[in-house]
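The structure is given below, and queries will be raised subsequently.
The values are calculated or read from the model by the stated rules, or taken from the named source; none is laboratory data. Just so it is clear, the model here is predicted, and its values are computed rather than measured. Glycine also receives a Cβ, built like all others from the backbone with ideal geometry; neighbour counts cover every protein chain displayed.
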Amino acid sequence: MGPPAILLMGPTASGKTTLAASIAETLPVEVVSVDSAQVYRHMDIGTAKPEAGLRARVPHHLLDLIEPHESYSAARFRDDALTAMREITERGNIPLLVGGTMLYFKALTEGLNDLPEADPTMRLIIDTMAEKSGWPGLHAELARVDPEAAERLEPRDAQRIQRALEIYYLTGKPMSELLRKPKYVYFPYSAIKIALVPARREVLHERIAHRFEAMLELGLIGELRRLREEYGLDLAMPSMRCVGYRQVWQYLDGEFSLAELREKAVAATRQLAKRQLTWLRSMQDATEFDCLDENLPQLVLEYLRREIEAQMAGG
């Protein structure tokens, strides 16, 4: 049995950061961020990064890794996370992995398929094809070369259609075929998985709306305006696909009024939370807690103490 690692998973606005801070007050943990948006430097408000005071008290890893015009992958996350976790364990502390990017959790604990890295040239070719034929047209092309993948995707799901076609053009094999190959899994830890799931979805929706309003008050629009001036960003870049930033970009381009920005961003964030909860419910061996419970920190700490003591006794 390997050393313990705590996996704190939950949808956006479920209180993961606050709970992690409570855990850190009692247990010898260091936080590893599992968030595909918080890897970007200078994107602080819209990604809800932990505030500076908390980061000063508790070591945080895998924040601010790349510039907004750069790309990050699940494979790179896996390598970075395993390195950080090893170093944390060597210091005698427990890795506390906190976030809502469920693909990253899955890559870490279940391994990755052998798929090619993103290829900028191929993506440019596919984008050019999309400008000519539209994404539904490329969805029809995907149905020809990889019908299994096409069946799972909506005709306007540009990001996933692009990736499936990119894999086919680079390898000559359908993505669905490559995904069936066995994965190499290396995760030398005893995972204690915690899933924050709201008992009342409408309360989580209210939290999402309040949090986006707070982001606007903190200066989210100005943050993106500065990023657009400083970096050669465009809306197709992974950083600008992040919920909130995409809608603010469209507001800055005059596509939305301020009222429409609020409406669109909150709706998109609620859809994100729905997808995160679907992933969470498929995660094996996770213990669920109601993120709306007033006694959540106490309940989780009691559970963690029992699990860690049981592991130490068994190890």
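Run down ALA107, ALA48, ALA81, ALA56 and say which single residue is assigned to a helix (DSSP H, G or I) and farther than 26 Å from ARG305 by Cα.
Going through ALA107, ALA48, ALA81, ALA56 in turn, the sole match is ALA107.
So if I check each of ASP253, ASP285, ASP234, which one is in contact (Cβ under 8 Å) with a residue 12 or more places away in the chain and not hydrophobic (A, V, I, L, M, F, W, C)?
Going through ASP253, ASP285, ASP234 in turn, the sole match is ASP285.
Tell me whether the stretch 86-96 contains one or more residues that are aliphatic (A, V, I, L, M), in a helix (DSSP H, G or I), modelled with pLDDT of 95 or more and out of contact with any Lys or Arg (no Cβ under 7 Å at 6 or more places or on another chain). Quick ask: steps written out before the conclusion?
Here is the first cut: in the stretch 86-96, the ones aliphatic (A, V, I, L, M) are 88, 94, 96.
Still in the list and also in a helix (DSSP H, G or I): 88.
Of the ones still in play, those that are also modelled with pLDDT of 95 or more are 88.
Now narrow it down to the ones that are out of contact with any Lys or Arg (no Cβ under 7 Å at 6 or more places or on another chain): 88.
Within the stretch 86-96, one or more residues are aliphatic (A, V, I, L, M), in a helix (DSSP H, G or I), modelled with pLDDT of 95 or more and out of contact with any Lys or Arg (no Cβ under 7 Å at 6 or more places or on another chain).
Taking the criterion of being out of contact with any Ser or Thr (no Cβ under 6 Å at 6 or more places or on another chain), of a type in the set (A, V, I, L, M) and within 21 Å of GLU67 (Cβ to Cβ), would at least one residue in the stretch 226-233 satisfy it? Give the derivation first.
Our first condition is that a residue be out of contact with any Ser or Thr (no Cβ under 6 Å at 6 or more places or on another chain); within the stretch 226-233, this holds for 226-233.
Adding the requirement that they be of a type in the set (A, V, I, L, M) leaves 227, 233.
So of that shortlist, the ones also within 21 Å of GLU67 (Cβ to Cβ) come out as 227, 233.
Yes, the conditions are met somewhere in the stretch 226-233.
So ASP285 clears everything in (1) surrounded by fewer than 17 Cβ atoms within 10 Å (Cβ to Cβ); (2) modelled with pLDDT of 95 or more except one condition, right? Which one?
Here ASP285 meets the rest and fails (2).
Scan (1) under 20 Å from the mean Cα position of the chain (by Cα); (2) over 30 Å from GLU131 (Cβ atoms) for the single condition ARG200 breaks and write down its number.
Unmet condition: (1).
Could you list, in sequence order, all residues of the stretch 59-78 that are assigned to a loop (DSSP other than H, G, I, E, B) and either charged (D, E, K, R) or over 16 Å from SER36 (Cα atoms) (or both)?
PRO59, ASP64, GLU67, GLU70
Kindly list, by first and then second residue, each pair from a residue in the stretch 45-71 that is at positive phi to a residue that is among the basic types (Lys, Arg), limited to pairs with Cβ atoms under 9 Å and residues at least 6 apart or on different chains.
ALA48/ARG211; ASP64/ARG41; ASP64/LYS49
Another question about this same structure. Between TYR169, TYR186, which is part of a helix (DSSP H, G or I), in contact (Cβ under 8 Å) with a residue 40 or more places away in the chain and more than 26 Å from ALA268 (Cβ to Cβ)?
The conditions single out TYR169.
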